[in-house]
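The next block holds one structure in the form of C-alpha cells; read it before the comments.
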Amino acid sequence: MDGASVAVIAVIVVTFAIVLFTKYNAVIVLALGVSVAYLFSFVLTNGDMFIVWTELGYSTAEVGTVSNALTIITSSFLHKNVWHLFSNILFLLLIGLSMKKRVSNLKFLSVVLVGDILGTTVYGLTTETPHILIGSSSIIATIIGAMFAMFPRLNVVLPKPIGDTGIEFWELALFG
C-alpha cells in the first residue's frame, strides 16, 4: 500500500478516535479530518492522487468483496480537487453543525457511518458503469436525510456572508 494511503487511513483513525473519546465537536473534527486527508493525499503523491483513489476509493466494480469493504469509509475522505473538497466541507458545516447541536458525538457519528455505508453500497449496487467513487456526498446526504426526518420544520439561520437570515431546514436541504 502506498505511503499516502497509509497516511490517509491514519488520519481517518485519528479523526474517529477524537470524535469518540473527546468532547470536541464531531462536525468540526470530521471537516478537519477530511481536509487533512486531502492535504496528505495531495502532498504525498505530488498531486497525482489517482494512486490513493485506486487504493482507498470505492470501486463500483467490486461491490460486495471483502477487499472493497474498507473503502466504503475511506472513499468519503478522498476528494478530486480543492473545489470538490470545499463544496463538501461547506455543506458538512452548514447542515452538520445544525444537527450536531441536537445530538451527541456518538449519535452523530453513528448516523453518519450507517448512512455512509448504506448510501455508498446502494449506489454501488445500482450504478451501471464501473468507476471509483470518492467524496463526502453520502455523508452529507445522510445528514440531510436525518435532519429532515428528525426536524423538518427546524428554522436554520444562515451565516452572515450568505444572508444572516433564517429558513426552514427543508428549504436548505433542497440545495444540498
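The values are calculated or read from the model by the stated rules, or taken from the named source; none is laboratory data. Just so it is clear, the structure is predicted and the values come from calculations on it, not from any experiment. Here the Cβ is made from the backbone with ideal geometry for all residues, glycine too, and neighbour counts use every protein chain on show.
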Test: residue in the range 82-104 that is among the aromatic types (Phe, Trp, Tyr), over 15 Å from residue 28 (Cα atoms) and at pLDDT 90 or above: yes
Filtered residues of the range 114-132 (kept if crowded, with 16+ Cβ neighbours inside 10 Å, within 15 Å of residue 62 (Cβ to Cβ) and not aliphatic (A, V, I, L, M)): 120, 121, 123, 124
The one condition in (1) modelled with pLDDT of 90 or more; (2) exposed (fewer than 12 other Cβ atoms within 10 Å of the Cβ) that residue 161 fails to fulfil: (1)
Residues of the range 19-31 classified as under 11 Å from residue 106 (Cα atoms), surrounded by fewer than 21 Cβ atoms within 10 Å (Cβ to Cβ) and either in contact with a His (Cβ under 6 Å, 6 or more places away or on another chain) or not basic (Lys, Arg) (or both), total: 4
Which listed residue, of 85, 78, is surrounded by 15 or more Cβ atoms within 10 Å (Cβ to Cβ), free of Cβ contacts under 8 Å to residues at least 60 places away in the same chain and under 11 Å from the mean Cα position of the chain (by Cα): 85
Only listed residue being surrounded by 14 or more Cβ atoms within 10 Å (Cβ to Cβ) and farther than 21 Å from residue 140 by Cβ, chosen from 48, 2: 2
Residue in the range 6-15 that is surrounded by fewer than 18 Cβ atoms within 10 Å (Cβ to Cβ) and at pLDDT below 95 present: no
Residue among 8, 34 that alone is touching a His at 6+ places or on another chain (Cβ under 8 Å) and in contact (Cβ under 8 Å) with a residue 60 or more places away in the chain: 34
